[in-house]
Amino acid sequence: METTQQITTTQANTLEQVIINGDLSKLSPAERVNYYRMVCESIGLNPFTKPFDYIQLNGKLTLYAKKDATDQLRSIKSVSIDDVDISEIGDNYVVKVKGHDGSGRSDVEIGVVKKSDMQGNSANAQMKAVTKAKRRLTLSLCGLGWLDETEIETIPNARQITVTSDGEIIQQDEAPAPAAAPEVKAFDEVTFLKNFTPQKDFEPLPLDEAKAEKSAKEGTYGELSTEQLYRRLSAIVKRIQNRDLDESEKPVYLHKLTALQTVLLDRKVNAESQQQ
């Protein structure tokens with residue numbers, strides 16, 4: 001069992017490496033776990049709620065704050081919102097929030113969201129901008145320079161990295177595959193459609209509406225390949241299961257999930273009819 005002196009020395013060495021390198025990927029898995037715990041404990045957060053996640057930015061692995069982090073910080077520091085101002089500037093909704101913490105210190109922050117976000121639903125886009133502004137204000141009032149998860153999607157070349165609870169990096173999106181990497185099995189559309197089954201509570205949308213649903217980067221669902229639809233479906237289900245969505249985002253992603261299942265079910269029926 002480690003003594004108090006040994007634990008203190010380990011923590012000091014871990015912190016020193018992070019300060020010097022600014023890159024959590026240079027730490028061992030055990031050191032990453034230790035650093036994560038130290039950060040949480042230093043500001044009173046519960047590490048078991050996973051208030052932070054990992055992102056690779058400018059070639060370095062670092063932490064960014066999730067919803068759990070800002071929610072806990074608002075309670076710990078007694079952060080209150082005094083005023084919210086929503087304006088339209090060009091193609092964006094700009095939200096300015098003013099607030100203060102329990103000590104009386106005040107600050108101002110803004111959140112900017114494109115009007116086309118949230119499927120062009122102005123109410124949801126404005127709520128997203130308000131959420132972004134409130135989280136930025138919370139981090140600012142708490143004296144923390146972390147990125148909030150609502151900002152990740154707007155940063156070019158930022159990549160979310162999956163790290164296990166043991167500190168092991170198990171996924172680095174877009175990382176080059178090693179020369180001897182095994183061949184990736186091709187997507188089997190026939191097998192996928194044959195085995196595809198919508199959720200139990202699934203109620204399909206009108207097919208035209210489902211096909212017209214837009215993917216942020218790839219086009220409408222009706223234009224996407226079955227493999228692209230499958231990957232979109234997997235990504236949305238993962239976000240919903242991980243509870244990474246704001247209240248304003250949930251209806252949007254649930255609608256997208258229904259649209260994807262509607263299009264895939266239509267393709268399954270068509271495939272089956274062609275085989276008969």
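Read the figures in this text as sums done on the coordinates, not as results from a lab. This structure is a prediction, so every number in the text was calculated from the model and none was measured. Reconstructed Cβ throughout: ideal geometry from the backbone, glycine too, with neighbour counts over all protein chains shown.
Quick check on packing: order 115-123, 191-199 by the mean number of other C-beta atoms within 10 Å, highest mean leading.
On the way: 115-123: 14.8, 191-199: 13.1.
Those peptides, ordered most packed to least, come out 115-123, 191-199.
Return Asp23, Asp83, Asp148, Asp201 ranked ascending by Cβ neighbour count within 10 Å, so the fewest neighbours appear first. Mind dumping the intermediate values first?
On the way: Asp23 15, Asp83 9, Asp148 21, Asp201 6.
Ordered from fewest to most neighbouring Cβ atoms within 10 Å, Asp23, Asp83, Asp148, Asp201 come out as Asp201, Asp83, Asp23, Asp148.
Within 9 Å, Cβ to Cβ, of Asp107, how many net charges do the neighbouring residues add up to if Lys/Arg are +1 and Asp/Glu are -1?
Numbers: positive: Lys98, Arg105; negative: Asp101, Glu109.
Counting the neighbours of Asp107, the net charge comes to 0.
Put a dot 7 Å past each Cα toward the Cβ at Glu88 and Gln199; how far apart are the dots in nm?
Going from the Gln199 label point to the Glu88 one covers 3.3 nm.
Using the count of nearby Cβ atoms within 10 Å as a rough guide to exposure, how do Met38, Met127 rank from fewest to most?
Lowest count first: Met38, Met127.
Using a 10 Å cut-off on Cβ atoms, rank the peptides 130-136, 53-59 from the highest mean neighbour count down. Write out the running numbers ahead of the final one.
Details: 130-136: 23.4, 53-59: 16.1.
Going by the mean number of other Cβ atoms within 10 Å, highest first, we get 130-136, 53-59.
Just want the ordering: Asp107, Asp101, Asp166, from fewest to most Cβ atoms lying within 10 Å of their own Cβ. Don't skip to the answer; put the middle values down first.
Numbers: Asp107 16, Asp101 21, Asp166 10.
Listing Asp107, Asp101, Asp166 from fewest to most nearby Cβ atoms yields Asp166, Asp107, Asp101.
State, in angstrom, two size descriptors of segment 78-141 derived from its alpha carbons: Rg to one decimal place and Dmax to the nearest whole number.
Over segment 78-141's Cα set, Rg and Dmax evaluate to 12.2, 40 Å.
Between Gln275 and Ser234, with labels modelled 7 Å along Cα→Cβ, what's the label distance in nm to one decimal, could you check?
Placing both labels 7 Å beyond Cα along the Cβ direction yields 2.1 nm.
Determine which lysines satisfy two conditions relative to Lys115: a Cα distance under 25 Å, and not lying fewer than 8 residues away in the same chain.
Lys66, Lys67, Lys96, Lys98, Lys128, Lys132, Lys134, Lys211, Lys214, Lys217, Lys250, Lys256
How far, in nm, would the chain grow between Ala30 and Thr49 when pulled straight, counting 0.36 nm per residue and subtracting the alpha carbon separation? List each step's numbers first, then the result.
Values: separation 19, 0.36 × 19 = 6.84 nm, distance 1.87 nm.
The Ala30-Thr49 span can extend by a further 5.0 nm.
So which trypsin sites (Lys or Arg not before Pro) in segment 208-276 pass both tests, a DSSP loop state and at most 16 other Cβ atoms within 10 Å of the Cβ? Kindly include the intermediate steps, with their values, before the conclusion.
Numbers: sites: Lys211, Lys214, Lys217, Arg231, Arg232, Lys238, Arg239, Arg243, Lys256, Arg267, Lys268; in loops: Lys217, Arg243.
Within segment 208-276, the qualifying trypsin sites (Lys or Arg not before Pro) (loop, at most 16 other Cβ atoms within 10 Å) are Lys217, Arg243.
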